[in-house]
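J.: Dropping the structure in here first, questions after.
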Amino acid sequence: MGLFVSREKKGHEKNAQDYFLASKALPWWAVGASLIASNISAEQFIGMSGSGYALGLAISTYEWMAAATLLVVGVFFLPIYLKEGIYTMPQFLHRRYDSRVRLVMAVFWLMIYVFVNLTSVLYLGALSLETIMGVPLPYGIGGLALFAMIYSIYGGLKAVAWTDVVQVVFLVAGGLATTYLALSLVGEGSAWDGITLLKAEAPKHFSMIVQKGELMIPDGAGGFRDAYMDLPGLSVLIGSMWIINLTYWGCNQYITQRALAAKSLNEAQKGMVFAGFLKLLMPLIVVVPGIAAYVIVEKGIDISFIDSMKDGAGGLIKSDRAYPTLLQLLPTGLKGLAFAALTAAIVSSLASMANSTSTIFTIDIYRAYINKGISEVKQVQVGRITTLVAFIIAALVAPQLQNLDQAFQYIQEYTGFVSPGVFAIFIFGFFWKKTTSDAALAAAVLTIPLSAVFKFLTPNLPFIDRMGVVFLILAVMMIVISLIQGKGKDSEKAITIDASLFKTSYGFKWGAAFIVLALIILYAVFW
């Protein structure tokens, strides 16, 4: 299907807009479906279920807060991006600041997409293949990379986005089937009884706001640590979780690229609301099965299940084995559907990340610095070669991740080294006209060193809180540099915005109101 929808018409070779922005023709439902398919991957199915096993429903805060974040991005970020007519996030930084900020951030993003995102998704996907079907890890990594490459290298974003629409259907249907059967296993045949039993047998796993010392979780090495270090109390609701979410959903190439490819701003905003609805549903698919696995192990409901949860070497129960082990218990047919859902989630994310990697490299490095007069057709060729190289590097690095326990938390922490700087640069670039290029460059250069220093100097500070501290330091530094350098004047490259830019349709307003009401109810019930 990916190859079919992105085929070239007679006499028309793909240009850069066709390849990198799907010809700017995506309707709202394709934007929303592609956002979720790109976001939900092995790190959610495997990693979040693993965190559900260890932490419980509290890990759902990443999903539910994302629903609120999508609304903020739809109202305040997208109008600015679409007004500027950009292809990439570094391109926006060049418009607002200068080429130095663009280059530094382009290199950061390329490193994170290839060495953190692509590698972790490949590894977790291959781990599930190994657990469920006995496929050796190297073959799983190679097979998944090859499958994603087949259509994404040729078709670009159009192939990725339209296949995402199909894949998100399987992702949701297969995920719900797994949840239903996991609950049925706990409830001895009744999924409804399973829900009641989960709350009775694991009450600490149904608390959204984790207090210090409230919940001790496995550290992956046979010991325990405080869950507060992963989800520090109210910070997940009114603190630095907003930095994580706004950076991911609002300043992240492989997410915003879908909205940039929408037919219009209204379609992009409606796509954000649709994605927000799906986000409300996600904990049922990716977290509840992990809690069910915890109850199965704690109650000793199924001995073979417990054995499958253990790693081969030390005999320790590994949180991230919860979801693949559950899939093994499904009856033939449903196991296929659930496995198709997992594969769809993995492949759609791989294709999205690789496409965005090629977009940034082609537009912000190759076209900007290596060959400024490059033709549209040549840009597509460079994009294809970049996608291939990114997959090869990720496939070689992925096996090195085998010592992780909660992969989802690993991904959050290490992308969090860059997030405070990225968020500071964008938020000041949008809404404070006095911000100078040197201030943005200083934040870009210092975000990783500052995060590393705080990680080693304050090992007892949760990484989410650490991100908040680093952001505040960078924000103060940017304000001071801008005021000294600009002598209180507005920057020449400041973006002109007015209230009319942020007007939304009635459909968006009603959808947003529903999402906000649903979040208030969910947090009130599971506080």
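J.: Taking the conditions exactly as written (in a helix (DSSP H, G or I), modelled with pLDDT under 80, among the hydrophobic types (A, V, I, L, M, F, W, C) and touching a Leu at 6+ places or on another chain (Cβ under 9 Å)), does ILE46 satisfy them or not?
T.: It is true that ILE46 is in a helix (DSSP H, G or I), modelled with pLDDT under 80, among the hydrophobic types (A, V, I, L, M, F, W, C) and touching a Leu at 6+ places or on another chain (Cβ under 9 Å).
J.: For the range 146-157, name all the residues that are surrounded by 24 or more Cβ atoms within 10 Å (Cβ to Cβ) and under 22 Å from the mean Cα position of the chain (by Cα).
T.: Selection gives ALA148, SER152, GLY156, LEU157.
J.: Take the conditions aliphatic (A, V, I, L, M), surrounded by fewer than 24 Cβ atoms within 10 Å (Cβ to Cβ) and touching a Phe, Trp or Tyr at 6+ places or on another chain (Cβ under 6 Å) and apply them to VAL104. Does it pass?
T.: no
J.: Here's a follow-up. Looking at the range 481-518 only, could you name the residues that are over 19 Å from GLY271 (Cβ atoms), in contact (Cβ under 8 Å) with a residue 40 or more places away in the chain and surrounded by 10 or more Cβ atoms within 10 Å (Cβ to Cβ)?
T.: Across the range 481-518, the qualifying residues are ILE481, SER482, LEU483, GLN485, GLY486, LYS489, ASP490, SER491, LYS493, ALA494, ILE495, ILE497.
J.: Now for a separate question. Residues LEU171, LEU176, LEU181: which one is in contact (Cβ under 8 Å) with a residue 60 or more places away in the chain, in a helix (DSSP H, G or I) and surrounded by fewer than 19 Cβ atoms within 10 Å (Cβ to Cβ)?
T.: Result of the check over LEU171, LEU176, LEU181: LEU176.
J.: Further question on the same structure: Criterion first (surrounded by 19 or more Cβ atoms within 10 Å (Cβ to Cβ), in contact with a Phe, Trp or Tyr (Cβ under 8 Å, 6 or more places away or on another chain), at pLDDT below 85 and not in a strand (DSSP E or B)) does VAL297 satisfy it?
T.: No; evaluated as a whole, the condition is false for this residue.
J.: What's the total number of residues in the range 178-215 that are within 23 Å of the chain's Cα centre (by Cα) and not polar (S, T, N, Q)?
T.: The qualifying residues number 3.
J.: Can I ask one more? For the range 311-318, state whether one or more residues are touching a Ser or Thr at 6+ places or on another chain (Cβ under 7 Å) and either on the phi > 0 side of the Ramachandran plot or surrounded by fewer than 24 Cβ atoms within 10 Å (Cβ to Cβ) (or both).
T.: no
J.: Further question on the same structure: Can you find a residue that is surrounded by 18 or more Cβ atoms within 10 Å (Cβ to Cβ) and of a type in the set (S, T, N, Q) anywhere in the range 384-399?
T.: yes
J.: Could you tell me whether TYR323 is in a helix (DSSP H, G or I), under 24 Å from GLY194 (Cβ atoms) and either under 21 Å from the mean Cα position of the chain (by Cα) or not aromatic (Phe, Trp, Tyr) (or both)?
T.: yes
J.: Restricting to the range 484-509, give me the number of residues that are part of a helix (DSSP H, G or I) and either modelled with pLDDT of 95 or more or among the β-branched types (Val, Ile, Thr) (or both).
T.: Total satisfying the criteria: 1.
J.: Go through the residues of the range 55-77 one by one and say whether even a single one is touching a strand residue (DSSP E or B) at 6+ places or on another chain (Cβ under 6 Å) and over 30 Å from ALA202 (Cα atoms).
T.: Checked against the condition, which is being touching a strand residue (DSSP E or B) at 6+ places or on another chain (Cβ under 6 Å) and over 30 Å from ALA202 (Cα atoms), the range 55-77 yields no hits at all.
J.: Now a separate question. All but one of (1) free of Cβ contacts under 8 Å to residues at least 60 places away in the same chain; (2) small (Gly, Ala, Ser); (3) under 30 Å from ILE238 (Cα atoms) hold for ALA202; state the number of the condition that does not hold.
T.: (1)
J.: Being touching a Gly at 6+ places or on another chain (Cβ under 6 Å) and modelled with pLDDT of 80 or more narrows it down to one of PHE274, PHE361, so name that one.
T.: PHE274
J.: Identify, please: which residue in the range 184-221 is modelled with pLDDT under 85 and of a type in the set (Ser, Thr, Tyr) and is, among those, surrounded by the fewest Cβ atoms within 10 Å (Cβ to Cβ)?
T.: Only one residue fits best here, namely SER190.
J.: Additional query: Going through the range 417-438 one residue at a time, which ones are in a helix (DSSP H, G or I) and farther than 15 Å from ARG95 by Cα?
T.: Passing the criteria: SER419, PRO420, GLY421, VAL422, PHE423, ALA424.
J.: Being on the phi > 0 side of the Ramachandran plot, touching a Phe, Trp or Tyr at 6+ places or on another chain (Cβ under 8 Å) and either of a type in the set (A, V, I, L, M) or in the same structural domain as THR343 (by TED's automatic domain parsing) (or both), is that true of even one residue in the range 32-52?
T.: There is no residue in the range 32-52 that is on the phi > 0 side of the Ramachandran plot, touching a Phe, Trp or Tyr at 6+ places or on another chain (Cβ under 8 Å) and either of a type in the set (A, V, I, L, M) or in the same structural domain as THR343 (by TED's automatic domain parsing) (or both).
J.: Which numbered condition trips up GLU413, out of (1) of a type in the set (D, E, K, R); (2) assigned to a loop (DSSP other than H, G, I, E, B); (3) in contact (Cβ under 8 Å) with a residue 40 or more places away in the chain?
T.: (2)
J.: For LEU396, all conditions in the list (1) assigned to a helix (DSSP H, G or I); (2) closer than 23 Å to TYR248 by Cα hold save one; what is the number of the exception?
T.: Among (1) assigned to a helix (DSSP H, G or I); (2) closer than 23 Å to TYR248 by Cα, LEU396 violates only (2).
J.: Just for helices (runs of 4 or more DSSP H) wholly inside the range 73-130: which have at least 2 residues that are closer than 24 Å to VAL273 by Cβ and within 20 Å of the chain's Cα centre (by Cα)?
T.: In the range 73-130, 78-84 are the helices (runs of 4 or more DSSP H) which contain 2 or more residues that are closer than 24 Å to VAL273 by Cβ and within 20 Å of the chain's Cα centre (by Cα).
The values are calculated or read from the model by the stated rules, or taken from the named source; none is laboratory data. These figures come from a predicted structure and were not determined experimentally. All Cβ positions, glycine included, derive from the backbone under ideal geometry; neighbour counts span all protein chains shown.
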